[in-house]
Amino acid sequence: MHLQHEVMQGAKAGSRGYNGHETDYLVRSTAKVAEKATELATALKAKQARLGLHEVRPLLRDKADVTKDTTAEKDASAGSTVAATGKSESANDADWERRKQAVVGAMKHAWGSYVEYAWGHDELNPQAMEGKDGFGGVGATIVDSLDTLWLMGLKDEFAAAQNWTANELTFDRDHDSSVFETTIRVVGGLMAAHDLSGDAMFANRAKEIGDILMGAFQTPTGIPRGTINLRTRRSYNPPWAGGASGLSEFGSEQLEFIKLSDFTGNQTYARIVEGNIALLQSRYPDQGLLPYFISPQDGRLMNDHVTFGAMGDSYYEYLLKVWLLKGKSDDMYRDMWVAAMDEMIAKLIQYSSPSGLAYVAELNSGQLFHKMDHLACFVPGMLALGSAHGAVTGSKAQQYMELAENMTATCYQMYARQPTGLAPEVTVFNGRRLDTGAAEMLGAPAHNLLRPETVEALFVLWRTTHKPVYREWGWAIFQSFEKHCRVKAGYAGLRDVTNMPPEHDDTMQSFFLAETLKYLFLLFSDDEVLPLELWVLNTEAHPLRKVPDFKSTYRQPGKPPLATGAG
């Protein structure tokens, strides 16, 4: 998977970004998108309503575009050797090492282009070969890339980024920044760099920006406003949001500030951000799914739109991951996550025809819309992670894992069915278009921003099942990025994945280096590289070491947060 920054400046929405005009399109007109792109037949609706999870084909090894390696098939079904060793014997180990090094090469190209043309700026415009500062000039690409460089063993590149962070990074910027984006990218990126390298400088810099962001939490409920000026610390929500704060924004700041509390010994950071989750639990104990606009003044639900795409997504992700971060010791988070997943399965999971592709629809004012943002492709990885790590057990764990595998296949098909081999931003299922008639999957809109969610799912599914097909799918996606998105100066997104040859946009998103390439690297690496028993990745793929001994003391729901005492 933020509200204000995406619409006003164009970075990422929910937990993973949109350009400004695209965000406006999705935020304000989701229903119109679905209505224009899809017209489900009554018979199909009835059929889907009758479908159960057990009736849906896994779609893992019966597609023409899936690897034909018979040894891989054997390992995928048996799995005993793979599960024991953490390595796949279906493909030559040298081949996987070569593929991993190809991803490292892609990172070198992306990073080198940024260094040459945009050093110190937030992101690179690869076509114009210049930098831009959508996040206030805090070197977002540098901070976002620190842990990727470290994990890939790019020591010289990491040292340069480390030096810049220590000596040139400044937060004294007269810039209205997204609290959410700054939290997940900057606080998260700096804390991950600290956890990996052991350099306390990174955590101290995280504390600097964390203290600034705390100003946004000074509301009657403690739910933060979405935008804050880094210099003046004035915070606000934009008029178009009706004064509301976004669920995926204030619901996706707990991992980072818990880590900051653990480092500093100051419980206030964690108390404030965790208090927001406690508030939701106390106000809405019988609701697993929540709409994405909530009032920071009194905690009221301010719309009726439930989504696992933009503005809803990472709230659900963090319910599970905070439980994991804290050593599975805080059952409030797990219970809320399980309730949300059960309600998602009951109300939102649908199946396409004729392929039986599982997808998560959206619910707005009681009406289902059969669209799925690429952002929502984090869901299968989340389900697999929860199933494999004990958030649910028994038949429910099996149900979650089966759905995870089905949805991962759906997300891969979003790529495989396009002429470019790359997925559109939004997919509408069983849509109808005048020029083509009925279509099982339709991209609307059809641009690609170099997003990570599908390769994230592939990584988690590989780690939890060790089925080689997930690596093969990841390799296919990587090759499509290389073929269609690699340009002279870095990588560029595509304006329409259905067009050949495709037209490029002019942004190399920082999350391409932070997330997409990192997940691909981890997908082709041994399990010993960043073992998930010890680490949790935030929604920007920044790895945070678990803190099983961390004990939280939530503030009383509805009471103003305590001041941090920071200046």
* To do: Taking the options R231, R271, name whichever one is touching a Lys or Arg at 6+ places or on another chain (Cβ under 9 Å), farther than 22 Å from S314 by Cβ and basic (K, R).
  => R231
* Structure fact -> In segment 489-499, residues that are touching a helix residue (DSSP H, G or I) at 6+ places or on another chain (Cβ under 8 Å) and either open to solvent by 30 Å² or more (accessible area, probe 1.4 Å) or closer than 20 Å to A541 by Cβ (or both) total 2
* **Checking S235 against (1) of a type in the set (S, T, Y); (2) in contact with a helix residue (DSSP H, G or I) (Cβ under 6 Å, 6 or more places away or on another chain); (3) buried (at least 24 other Cβ atoms within 10 Å of the Cβ), the condition it does not meet** => (3)
* Asked: Are any of the residues in segment 330-346 touching an Asp or Glu at 6+ places or on another chain (Cβ under 8 Å) and of a type in the set (K, R)?
  -> no
* Return yes or no: is A404 open to solvent by less than 20 Å² (accessible area, probe 1.4 Å) and at pLDDT 95 or above? => yes
* Structure fact -> Among D199, D195, the single one that is open to solvent by 10 Å² or more (accessible area, probe 1.4 Å), touching a Leu at 6+ places or on another chain (Cβ under 7 Å) and of a type in the set (D, E) is D195
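Going through V143, V179 one at a time, which residue ends up being surrounded by 24 or more Cβ atoms within 10 Å (Cβ to Cβ), touching a helix residue (DSSP H, G or I) at 6+ places or on another chain (Cβ under 9 Å) and over 15 Å from A514 (Cβ atoms)?
Working: V143 fails: over 15 Å from A514 (Cβ atoms).
Residue meeting the stated conditions: V179.
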* Structure fact -> Of those in segment 452-476 that are touching a helix residue (DSSP H, G or I) at 6+ places or on another chain (Cβ under 6 Å) and among the hydroxyl-bearing types (S, T, Y), the residue most open to solvent (accessible area, probe 1.4 Å) is T464
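One line per residue, one yes/no per condition, for (1) of a type in the set (A, V, I, L, M); (2) on the phi > 0 side of the Ramachandran plot; (3) touching a Ser or Thr at 6+ places or on another chain (Cβ under 6 Å); (4) not in a helix (DSSP H, G or I):
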| site | (1), (2), (3), (4) |
| --- | --- |
| A340 | yes, no, no, no |
| L363 | yes, no, no, yes |
| L383 | yes, no, no, no |
| S387 | no, no, no, no |
| K396 | no, no, no, no |
| M401 | yes, no, yes, no |
| E405 | no, no, no, no |
* Write out, first by first residue and then by second, each pair whose Cβ atoms fall under 7 Å of each other, whose residues are 6+ apart or on separate chains, and whose first residue, in segment 385-409, is of a type in the set (D, E, K, R) while the second is modelled with pLDDT under 95. => E402/L53; E405/P58; E405/L60
* Asked: Can you name the number of the only condition in (1) touching a Ser or Thr at 6+ places or on another chain (Cβ under 8 Å); (2) part of a loop (DSSP other than H, G, I, E, B); (3) aromatic (F, W, Y) that Y359 fails?
  -> (2)
* To do: Select from segment 150-193 the residues that are touching a His at 6+ places or on another chain (Cβ under 8 Å) and among the hydrophobic types (A, V, I, L, M, F, W, C) and write down the one among them that is farthest from L325 (Cα to Cα).
  => V179
* Given (1) surrounded by 23 or more Cβ atoms within 10 Å (Cβ to Cβ); (2) assigned to a helix (DSSP H, G or I), number of the condition G134 does not satisfy -> (2)
* Asked: Does segment 410-420 contain any residue that is in contact with a Ser or Thr (Cβ under 7 Å, 6 or more places away or on another chain), open to solvent by less than 10 Å² (accessible area, probe 1.4 Å) and part of a loop (DSSP other than H, G, I, E, B)?
  -> yes
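Kindly provide the set of residues from segment 109-118 that are closer than 17 Å to A514 by Cα and crowded, with 16+ Cβ neighbours inside 10 Å, ordered by number. Show your work before the answer.
If we filter segment 109-118 for residues that are closer than 17 Å to A514 by Cα, which is where we start, we get 109-115, 118.
Hits for segment 109-118 are H109, A110, W111, S113, Y114, V115, A118.
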* Pairs, first over 14 Å from L375 (Cα atoms) and at pLDDT 90 or above in segment 429-450, second part of a loop (DSSP other than H, G, I, E, B) and not polar (S, T, N, Q), C-beta under 9 Å, six or more apart -> F429/L40; F429/L357; F429/A361; F429/H370
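Among the residues of segment 350-365, is any among the hydrophobic types (A, V, I, L, M, F, W, C), under 30 Å from Q218 (Cβ atoms) and under 23 Å from the mean Cα position of the chain (by Cα)? It would help to see each step written out before you state the result.
Filtering segment 350-365 for residues among the hydrophobic types (A, V, I, L, M, F, W, C) gives 357-358, 360-361, 363.
Checking which are under 30 Å from Q218 (Cβ atoms) leaves us with none.
Scanning segment 350-365 turns up no residue that is among the hydrophobic types (A, V, I, L, M, F, W, C), under 30 Å from Q218 (Cβ atoms) and under 23 Å from the mean Cα position of the chain (by Cα).
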* **Selected residue (only one of Q254, Q267 is touching a helix residue (DSSP H, G or I) at 6+ places or on another chain (Cβ under 6 Å), surrounded by fewer than 24 Cβ atoms within 10 Å (Cβ to Cβ) and under 30 Å from D195 (Cα atoms))** => Q267
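Taking segment 500-518 on its own, how many of its residues are open to solvent by less than 10 Å² (accessible area, probe 1.4 Å) and not in a loop (DSSP other than H, G, I, E, B)?
Keep residues of segment 500-518 that are open to solvent by less than 10 Å² (accessible area, probe 1.4 Å), which gives 508-518.
Filter once more, keeping what is not in a loop (DSSP other than H, G, I, E, B): 508, 510-518.
So the count comes out to 10.
Quick check on F217: is it under 20 Å from M332 (Cβ atoms), open to solvent by less than 10 Å² (accessible area, probe 1.4 Å) and among the hydrophobic types (A, V, I, L, M, F, W, C)? Walk me through how you get there before you give the answer.
Values: under 20 Å from M332 (Cβ atoms): yes; open to solvent by less than 10 Å² (accessible area, probe 1.4 Å): yes; among the hydrophobic types (A, V, I, L, M, F, W, C): yes.
Yes.
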* Quick check: is even one residue across segment 336-345 out of contact with any helix residue (DSSP H, G or I) (no Cβ under 6 Å at 6 or more places or on another chain), surrounded by fewer than 24 Cβ atoms within 10 Å (Cβ to Cβ) and not aliphatic (A, V, I, L, M)? -> yes
* Across segment 520-536, which residue is surrounded by the fewest Cβ atoms within 10 Å (Cβ to Cβ) among those that are in contact with a strand residue (DSSP E or B) (Cβ under 9 Å, 6 or more places away or on another chain) and under 14 Å from H389 (Cα atoms)? -> L534
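The values are calculated or read from the model by the stated rules, or taken from the named source; none is laboratory data. Given the structure is predicted, the values throughout are model-derived calculations rather than measurements. For neighbour counting, all protein chains shown are included, and Cβ atoms are generated from backbone atoms with ideal geometry for every residue, glycine included. Ligands, DNA and RNA are excluded from the accessible area calculation, which covers all protein heavy atoms including side chains. Shrake-Rupley method; radii C 1.70, N 1.55, O 1.52, S 1.80 Å.
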